[in-house]
Amino acid sequence: MMSETKNGVSWLHRFGSLVAVMTFLLYMTGVLASSRGSGVFMPHGGSNVHSSAASPDKYARAFVILAVTVSTLTVIFVWWLWKSKSRRSLKNLGIITLSVLLAMALVALSPARNLFPAAASVGYIFGIQIFFCLTVCLALFTRTDWRWDGPKAPDLASPSMRQVLIFTTVAVFVEPFLGMGFREKVVGIAPHLVLGIAVVVCSLWVLEMALTKFAHLRAFKISAVFLAEVVGLQLFFGIISYSMNLNARALSGPQPGLAVMNVTHAAVGVLVLATSLFVTCQGLKYFAPAETGESSAMVSK
């Protein structure tokens, strides 16, 4: 039986958190490998190649090592999850996570990816983000104090807090596809920019609701503040990255620091995705549709 602590943290939760962190590092190592032109099967295709970077193969090797590490840790974690006394639904979520990992491995090793590089890049982004979201959910849900059936506050906000949070997470999930389309000159910057502004507006609206109507929910309020902060940081890096990309196109040559900025922008984007997903799960945990008439008595956390 796994040991537990008073704050709801178990060793299974710690291990799940490690898998999520390693997945984040895997994603970012892949972005680095791609931006340095190492040819690794990663999102940015190779449109941001900078030959001045030293030894691009080292990023490819790091990517392979991390991929093997994450795969091994995920298998161990899912096995541990099934051996534990966790809920059946949580065990099924672990199997889904392992299935997504297997699908990504099959696609990455398939010769067809060389014939359809654009489709392979889109598929990778979709797969790694789904896998990352699942690892974040597993790390969160394996807390021993996480319960879906606790008292909920009626969602009196208009529009619904739950709907806004779900929209925000979906929008953040879609953003990298639009960013890749812009870098590959498939679409303009407008779709990426408009959706980014929508995410900023939604995060500020959630923050305002958390500080006013739901100020008694301390845990949710702290998460809403952090979400607004990382979204603002992502917007800042996005503006800089866009300016540097425009300069690179105008000068038709490599720009010092462009790869670093693109990687930083991607890293903060993944952090925004994890934060938005976390806040959305909190919203579904703490709030109920107003018409259900559930008790609004909530314990401050």
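The values are calculated or read from the model by the stated rules, or taken from the named source; none is laboratory data. As the structure is a prediction and not an experimental result, all values here were calculated from the model. Cβ: placed from backbone, ideal geometry, glycine included. Neighbour counts: every protein chain shown. Remember, those area values only see protein heavy atoms, side chains included, never the ligands or the DNA or RNA. Shrake-Rupley method; radii C 1.70, N 1.55, O 1.52, S 1.80 Å.
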Solvent-accessible surface (1.4 angstrom probe) belonging to SER17, in square angstrom, nearest 10: 40
Inter-probe distance in nm under a simple model that places probes 7 Å from Cα toward Cβ, at LEU271 and ALA119: 3.6
Theoretical gain in end-to-end length, ILE65 to LEU156 [0.36 nm per residue, Cα-Cα removed]: 27.9 nm
Cα→Cβ-extended label distance, 7 Å offset, between VAL107 and THR72, nm: 2.5
Given LYS85/LYS285; LYS83/LYS285; LYS152/LYS221; LYS91/LYS221; LYS91/LYS152, the pairs whose alpha carbons are separated by over 19 Å: LYS85/LYS285; LYS83/LYS285; LYS91/LYS221; LYS91/LYS152
Measure of compaction for the stretch 137-287 (Cα Rg per 2.2 N^0.38 Å): 1.18
Estimated distance in nm for a label pair at ASP57 and VAL9, the labels positioned 7 Å out from Cα along Cα-to-Cβ: 4.1
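Using 0.36 nm times the number of residues separating ARG87 and ARG249, minus their current alpha carbon distance, what extension gain do you get?
53.0 nm
Please quote Rg/Rh for the stretch 76-169 to two decimal places, taking the Kirkwood radius as Rh and restricting both calculations to Cα atoms.
1.10
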Karplus 3J(HN,Hα) series, Hz, for the stretch 87-98 with 6.51 cos²θ - 1.76 cosθ + 1.60 (x for Gly, Pro): 5, 4, 5, 5, 5, 5, 5, x, 5, 4, 4, 5
Computed FRET value (nearest 0.05) for VAL260 with ASP145, which takes r as the C-beta separation and R₀ as 45 Å: 0.70
